[in-house]
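Take a look at the structure set out below.
All of the numbers you see were taken from the coordinates with simple rules; none came from a lab. From a predicted model like this one, the values you see are computed outputs, not experimental measurements. Here Cβ is always computed from backbone atoms with ideal geometry, including for glycine, and neighbour counts include all displayed protein chains.
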Amino acid sequence: MAKKNLSKQKKMDTRVNFTPMVDMMMLLITFFMLCTTLAKPQAMQLTMPSNDQENLDEKDRQVTKASHTITLYLGADDKVWYVAGLPNYDDPSCVKQTTYGKDGIEKVLDEHTTEEGINPVAKIKLAKRELDAKKNEYNSKMTDEQYQEQLRKLKKGELPTGEKVPTLTVIIRPLDTATYENMVAALDEMLISNIDKYVIDNVDKMSDDDKALIEKAGVK
Amino acid sequence: MAKIKIQKKDIWIDMTPMSDVMTLLLCFFMLTSTFLTPEPVSVTAPNSVSEVKIPEQDLLTILVTPEGKIYAGTENKNHMKTMMETMTDKFGVQLNANQQKHFLEDAMVGAPMAQLSTYLNLDTEKMTEAIQTLGLPLDSINGGKSEFQEWVTAARDANPDMKLAIKCDSKTPYATIKKLMSELQDMNENRFQLITNLDVKRLNN
């Protein structure tokens, strides 16, 4: 009889019930899935000029040609105006209205012809597309540093063909009626058009001529 | 005889592979997760094509709501504590242990110094309600720095490597941002990170 009992014990099932453990795991996973952010938000670098005007040396002030400058006025209700080159204070029609996005500002910048008779933004954009293609192509040996270096050169207007194109300077003037979204949209266009030289200008510090001009042109 | 045997059969599903998978998933989520920091007011950041990632450390987040209310905070609780001590010393506000605990539980500072003590005396549930009506004042104190500027200075003192990130609602009027950025520029803080969402549609165009 004793022998029989022993053999029965050896045959006992050693399987452990995992169901409660799985239950608990499920709960934990649900908790982590709901409480986490997988996608990190993006950021946009912005460097503003210092308010301290006295510290600005004469040599730091750069002079750009009139035809290399575009001024953007951001107004209410997602409206946007631009002045290409120097404004003509007697003629408000030099302030033209456009829209945000591909068919608006991007097109204006693309088609802007400088006094040298070329469209620098379009040329640089084309060169950047080629650079991107080279970087992304299969078996590409281009390192990230090389890419950044080339990109920096491009933004300065040095094309890989050896041609030197002028770069545009964009002055962004958001009016008080504009929204933050408008400002970011304008900065976005600078990124898309590879424009390195842009500044967000304070409309309160504009000259009286400029103020009168935009009022005449109906910018608000 | 055979029938009875079938009925007696034990239905046992082996859970081991399932629990294996679960453990893997759990590990993945635990390692990759960064917890959502509760913000006093939820804001919708605008879209942009910029693909720069925001740094994870040494970040002072400045939150701006559509109504123009301003909050500031950093994830590092030690820095928050140093900031709190600097500010309470400067403004002569005394906080007891319970109020300090409440301060550190909050993700962001949003109460003006004059109301800080009263605000921190509230219950935790009431605090989340009350902070939505508060916000750091941008008005200069006797021609000097504003409270917001003082907080940024305190953050800069607590950690000299602090970077500024502005998380602003897309519908905020530009006038508010102008004032905020102008105050930061006055303090020679000229570099910001603007927090945005990736605009995939525009990027692929």
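Tabulated values for the structure
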{"item": "For region A:102-160, the spread of Cα positions along each principal axis, largest first, Å", "result": "38, 23, 13"}
{"item": "Per-selection Kirkwood Rh - chain A (Cα, Å, 1 d.p.)", "result": "22.1 Å"}
{"item": "Gain upon complete extension [B:Asn188, B:Glu75; 0.36 nm per residue less C-alpha separation]", "result": "38.4 nm"}
{"item": "Estimated D of region B:95-160 in µm² per second, where Rh is the Kirkwood radius over Cα pairs and Stokes-Einstein applies at 25 °C, 0.890 mPa s", "result": "193 µm²/s"}
{"item": "10 Å Cβ neighbours from other chains, averaged over peptide B:163-170", "result": "3"}
{"item": "Mean Cα-pair separation over length for chain A, i.e. relative contact order, pairs under 8 Å, 6 or more apart, %", "result": "22 percent"}
{"item": "Longest exposed-site-free window of chain B, the sites being trypsin sites (Lys or Arg not before Pro) in a DSSP loop that have at most 10 other C-beta atoms within 10 Å", "result": "B:10-205"}
{"item": "Cα-based Kirkwood hydrodynamic radius, the protein assembly as shown, one decimal, Å", "result": "26.0 Å"}
{"item": "Residues of type aspartates and glutamates that B:Lys179 reaches as a straight line, Cα spacing below 17 Å, ignoring anything fewer than 8 places off in the same chain", "result": "A:Asp52, A:Asp176, A:Glu181, A:Asp201, A:Asp204, B:Glu67, B:Asp139, B:Glu147, B:Glu150, B:Asp169, B:Glu189"}
{"item": "Debye intensity ratio in log₁₀ form over the Cα atoms of chain B, taken at each q of 0.16 Å⁻¹", "result": "-1.11"}
{"item": "Inverse mean reciprocal Cα-Cα distance (Kirkwood Rh) of region A:100-220, Å", "result": "16.4 Å"}
{"item": "Sites B:Glu85 and A:Lys197 - FRET efficiency at Förster radius 51 Å, r taken between beta-carbons, to 0.05", "result": "0.75"}
{"item": "Entries of A:Lys155/B:Lys201; A:Lys96/B:Lys53; A:Lys164/B:Lys167; A:Lys79/B:Lys201; A:Lys205/B:Lys90 with Cα pairs more than 27 Å apart", "result": "A:Lys96/B:Lys53; A:Lys164/B:Lys167; A:Lys205/B:Lys90"}
{"item": "Pair A:Asp103, B:Met30: separation of 7 Å Cα→Cβ label points (nm)", "result": "5.4 nm"}
{"item": "Pair A:Asp23, B:Asp157: separation of 7 Å Cα→Cβ label points (nm)", "result": "5.5 nm"}
{"item": "Surface/4 of the Cα convex hull for region A:164-220, nm²", "result": "4.8 nm²"}
{"item": "More than 14 angstrom apart: percent of Cα pairs within region B:123-162", "result": "61 percent"}
